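Student: Can you read through this structure? Questions will come right after.
The values are calculated or read from the model by the stated rules, or taken from the named source; none is laboratory data. A quick note: this is a predicted structure, and the numbers were derived from the prediction, not measured. Cβ: placed from backbone, ideal geometry, glycine included. Neighbour counts: every protein chain shown. Accessible surface is based on the protein model in full, side chains and every heavy atom, while ligands, DNA and RNA are left aside. Shrake-Rupley method; radii C 1.70, N 1.55, O 1.52, S 1.80 Å.
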Amino acid sequence: MDTSTPAVTVALHDGGRVLAHATTVDPRRHTELLMPLVTSVLRDAGAARGDLTEIAVGVGPGPFTGLRVGLAAARTMGAVLDIPVRGVCGLDVVAHGAVAAESPAGPFVVATDARRREVYWAAYDASGTRTVGPEVGPATAIAAELGAVLPAAGAGARLYPEAFGPALEPEYPAAADLAAVVVDKAADILPPDPLYLRRPDATPPAARKSVLA
Amino acid sequence: MTVTDQPLILGIETSCDETGVGLVRGTTLLANAVASSVDEHVRFGGVVPEVASRAHLEAIVPTLHRGLDEAGVTLGDVDAVAVTAGPGLAGALMVGVSAAKALAVALDKPLYGVNHLVGHVAAEQLENGPLTDPVVALLVSGGHTEILQVDDIATAAQLLGQTLDDAAGEAFDKVARLIGLKYPGGPSIQRAAIDGDPSAIRFPRGLTSPRDMDRHRYDFSFSGLKTAVARWVETAERDGDAVPVADVAAGFQEAVADVLTRKAVLACQERGISTMVLAGGVAANARLRELTQQRCADAGIELRQPRFSLCTDNGAMIAALGAAVVERGLPPSSLDFASDSSLPVTEVLVG
Ligand SMILES: [Zn+2]
């Protein structure tokens, strides 16, 4: 499962292939959509919760509130079913999807929406191995950092086309790719801890203002 | 029915800065595990929602295990899951709701999304047994300040009044800062006030003028009180006088306790209700308790109040409300319910 982007995505993989998957794109309804998708994917595959032997979850980076929905659900399901929970950087999942969909000839970027006119991004070689990142920053600064304008997958490529070469598929991470990445160990497998990349917005209180006229 | 015959309800609470997991059978408390992020908010002088949400994610599974251990039960024993659906901080609520849904699916047990405010009232049932008659509840904390009328804990609650600006607990925090006391303000002000004279400085009682009593009979406002304290302190400083911290603390605390209890007692009297429940973190304030007890006694109202650990936000209160809802045979919430940061109190159980 992955909730690090507007796509709420769930898939069931049996170690050999994806048995069922479902994705709904809605940036504001992660809490509502996720668990019904989990139950419907299980049902579609004719599987029961007790059949699960491992859970894979996207650990971001992504907008915090949505990201935590998947992590809270995955960690809780893992605790209840007493099975391991694996984390994968969501940008790696998109990169894996891009390699499968587009077979890029050279290096490329994955960029997702970090809001505030910034993207979460990482750079990959043609095989989908991460070479730079993950980082958060303005899309327009990426080409300078990498020394080249590269094609890019992810929603960030669509939001800031001026900063990238041609847009690659996919726009969002797919849980089917996430599951395959974990089964194939095609990216770094991480603990299920959030990659926030930003500190909470909070400042200690300033000196008080005068209330006297 | 003996206690062990009653369904085992697990409650999850994450509406503010406490991650709570409670276990309850009927009105019997089995466990009340709480992890608080209060220390992480100290340097900000108030709860920072993102800091609270991050802490909930880290605390939820460990607190779940702690609650089960405390109750001496296993997950397999749990019959139903209840969770705070709102009101509260949006991002914080979502962590608990997400975990609760995952828990319900993984256990294949029904899930009940319930109202946090009514949960505070349900907590009292764990202390002194079932509430049988309608009650007026005075809820006072850092996040809310309300007078509720609860006719039936599982199905019928209404809002009589609430703060129009700051919560009472927030006012304590802000005034504590004004007079150089530590966050959280409640305990700091209470401590400072012990040596003060509550009648030395008379601070205003918000929304108590005849005109305000027409339009905002059971409502509260603490922003004027806060400004009055600031004005008083600043004037003293400007004149080169030492600020009498103890008297300011005592006078402020008295103003808050006075207006809270006066309106809650009035609600009981005008609605013919003879039981009051006092809950929320600020209910720990000794002066508020004392004045409430005194005024309830004078008015012939029975005051019911849970112990402090059941007054502050906790999972047991949510489990207690879940137990009441289950006992009534109400249908579980659907798995796609949304958390609602401004869930109205009339919605005791979400669909
Ligand atoms: Zn509360």
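Student: P(r) tail for the stretch B:118-220, what percent of Cα pairs lie past 20 Å? Write down the numbers at each step before the final one.
Tutor: Values: 2825 of 5253 pairs.
For the stretch B:118-220, the fraction of Cα-Cα distances above 20 Å is 54 percent.
Student: Under a crude label model (7 Å from the Cα following the beta-carbon direction), how far is A:Ala48 from B:Leu164 in nanometres?
Tutor: 5.9
Student: Taking a label point 7 Å from the Cα of A:Leu146 along the Cα→Cβ vector, which residues of the stretch A:114-133 have an amide N closer than 16 Å to it?
Tutor: Under 16 Å, as judged by backbone N against the label point of A:Leu146, lie A:114, A:119-133 of the stretch A:114-133.
Student: Something else: I'd like the antiparallel share, as a percent to the nearest 5, of DSSP beta bridges with both residues in the protein assembly as shown.
Tutor: If I count the DSSP bridges inside the protein assembly as shown, around 65 percent turn out antiparallel.
Student: Round to a whole angstrom and tell me the spacing of the C-alpha centers of the stretch B:273-316 and the stretch A:42-85.
Tutor: 41
Student: Place a +1 charge on the Cβ of each Lys and Arg in chain A and a -1 charge on the Cβ of each Asp and Glu, then give the dipole magnitude about the Cα centre in debye, rounded to the nearest 20. Mind showing how you got there, number by number?
Tutor: Numbers: 18 positive and 23 negative charges, 193 e Å.
That gives a dipole near 920 debye.
Student: Could you give the dipole magnitude of the stretch B:104-188 about its Cα centre, charging the beta-carbon of Lys and Arg +1 and that of Asp and Glu -1, in debye to the nearest 20?
Tutor: Values: 4 positive and 11 negative charges, 80 e Å.
That gives the stretch B:104-188 a dipole magnitude of about 380 debye.
Student: Can you give the Rg to Rh ratio for the protein assembly as shown, taking only C-alpha atoms and Rh from Kirkwood?
Tutor: Taking Rh as the inverse mean 1/r over Cα pairs, Rg/Rh reads 1.04.
Student: Give me the inter-chain shielding for A:76-86: mean count of other chain Cβ atoms within 10 Å, whole number please.
Tutor: Details: counts 14, 7, 3, 10, 12, 4, 2, 1, 0, 1, 0.
Mean number of neighbouring Cβ atoms from other chains: 5.
Student: Then there is this: Pull up the cross-link candidates among the aspartates and glutamates for B:Lys174, meaning alpha carbon to alpha carbon under 18 Å and not fewer than 8 places away within one chain.
Tutor: Partners found: B:Asp17, B:Asp39, B:Glu40, B:Asp165, B:Asp166, B:Glu234, B:Glu237, B:Asp247, B:Glu254.
Student: DSSP beta bridges in the stretch B:82-199, what fraction antiparallel, as a percent rounded to 5? Intermediate results must be reported in sequence, preceding the final value.
Tutor: Numbers: 12 of 16 bridges.
Of all bridge pairs located within the stretch B:82-199, approximately 75 percent are antiparallel.
Student: Further, regarding this structure: Can you give the average number of partner chain beta-carbon atoms within 10 Å of each beta-carbon in peptide B:57-64, as a whole number? Don't jump to the answer; show the numbers that get you there.
Tutor: Working: counts 10, 4, 0, 6, 7, 1, 0, 4.
Shielding by partners across B:57-64 averages 4.
Student: Something else now. Less than 11 Å Cβ to Cβ from B:Ala257, Lys/Arg counted +1 and Asp/Glu -1: what total charge do the surrounding residues give? Walk me through the numbers on the way to the answer.
Tutor: Details: positive: B:Arg205, B:Arg262, B:Arg287, B:Arg289, B:Arg295; negative: B:Glu254, B:Asp258, B:Glu290.
Net local charge, B:Ala257 excluded: +2.
Student: With charges only on Cβ, +1 for K and R and -1 for D and E, what is the dipole size of the protein assembly as shown about its Cα centre, in debye, rounded to 20? Display every interim value, and only then the final one.
Tutor: Working: 45 positive and 67 negative charges, 190 e Å.
With only Lys, Arg, Asp and Glu charged at Cβ, the dipole is about 920 debye.
Student: Please compute the per residue accessible area over the stretch B:201-277 with all protein chains in place, 1.4 Å probe, rounded to a whole number of Å².
Tutor: Details: 3240 Å² over 77 residues.
It amounts to 42 Å² per residue over the stretch B:201-277.
Student: Go through the stretch A:84-142 and name the trypsin sites (Lys or Arg not before Pro) that are in a DSSP coil and have 15 or fewer other Cβ atoms within 10 Å of their Cβ.
Tutor: On the way: sites: A:Arg86, A:Arg115, A:Arg116, A:Arg117, A:Arg130; in loops: A:Arg115, A:Arg116, A:Arg117.
The qualifying sites are A:Arg115, A:Arg116, A:Arg117.
Student: Hey, another quick one. Which whole number gives the average count of other chain Cβ atoms within 10 Å of the Cβ atoms across peptide A:191-201? Present the calculation step by step, with values, prior to reporting the outcome.
Tutor: Values: counts 0, 1, 2, 3, 0, 2, 0, 1, 2, 9, 4.
Counting Cβ atoms of other protein chains within 10 Å of each residue's Cβ and averaging gives 2.
Student: With a ≥ b ≥ c the root eigenvalues of the C-alpha gyration tensor of the stretch B:240-318, is it rounded (a/c under 1.5), prolate (a/b larger than b/c) or oblate?
Tutor: Values: a/c = 2.90, a/b = 1.42, b/c = 2.04.
Cα axes put the stretch B:240-318 in the oblate bin.
Student: Oh, and also: Which positions within the stretch B:155-197 get 50 Å² or more of their accessible surface covered by the other protein chains, compared to the chain by itself, with a 1.4 angstrom probe?
Tutor: Those are B:Arg177, which lose 50 Å² or more relative to the chain on its own.
Student: Can you give the alpha-carbon Rg of the stretch A:114-160 over 2.2 N^0.38 Å, where N counts its residues? Present the calculation step by step, with values, prior to reporting the outcome.
Tutor: Numbers: Rg = 10.1 Å, N = 47, 2.2 N^0.38 = 9.5 Å.
Taking N as the residue count of the stretch A:114-160, the ratio is 1.07.
Student: Sticking with this one: Just to be sure I understand: of the beta bridges DSSP finds with both ends in the stretch A:85-185, what percent are antiparallel, rounded to 5? Before the final figure, lay out the partial values.
Tutor: On the way: 11 of 15 bridges.
The antiparallel fraction comes to roughly 75 percent.
Student: Here is a further query. Output the pairs from B:Lys101/B:Lys182; B:Lys182/B:Lys263; A:Lys185/B:Lys101 with a Cα-Cα distance over 32 Å in this structure; if there are none, say none.
Tutor: Where the Cα-Cα span goes over 32 Å, the pairs concerned are B:Lys101/B:Lys182.
Student: Distances over 35 Å make up what percent of all Cα-Cα pairs in chain B?
Tutor: Counting pairs separated by more than 35 Å, the tail of P(r) holds 22 percent.
Student: From the Cα trace of chain A, what convex hull volume per residue do you get, rounded to a whole Å³?
Tutor: Values: hull volume 32.3 nm³, N = 213.
Residue-normalised Cα hull volume stands at 151 Å³.
Student: Which one of A:Pro107, B:Ser339, A:Thr203 has its Cα pushed farthest toward the positive end of the charge dipole of the protein assembly as shown, where Lys and Arg give +1 and Asp and Glu give -1 at the Cβ?
Tutor: The one lying farthest along the dipole's positive direction is A:Thr203.
Student: Moving on to the next point. What span do the alpha-carbon atoms of the stretch B:15-131 cover on each of the three principal axes, reported in whole Å from largest to smallest?
Tutor: So the extents along the principal axes, rounded to whole Å, are 40, 33, 23.
Student: Which one, A:Val136, A:Val149, A:Leu168, is farthest towards the positive end of the dipole of the stretch A:131-213 when Lys and Arg carry +1 and Asp and Glu -1 on their Cβ?
Tutor: Of A:Val136, A:Val149, A:Leu168, it is A:Val136.
Student: Given a 1.4 Å probe and every protein chain left where it sits, what share in percent of the accessible area of the stretch A:119-213 is carbon and sulfur?
Tutor: 56
Student: In addition: What do you get for Rg/Rh of the stretch A:121-213 when both radii come from the Cα atoms and Rh is the Kirkwood radius? All intermediate terms of the calculation are to be shown ahead of the outcome.
Tutor: Values: Rg = 19.1 Å, Rh = 16.3 Å.
Radius of gyration over Kirkwood radius for the stretch A:121-213 works out to 1.17.
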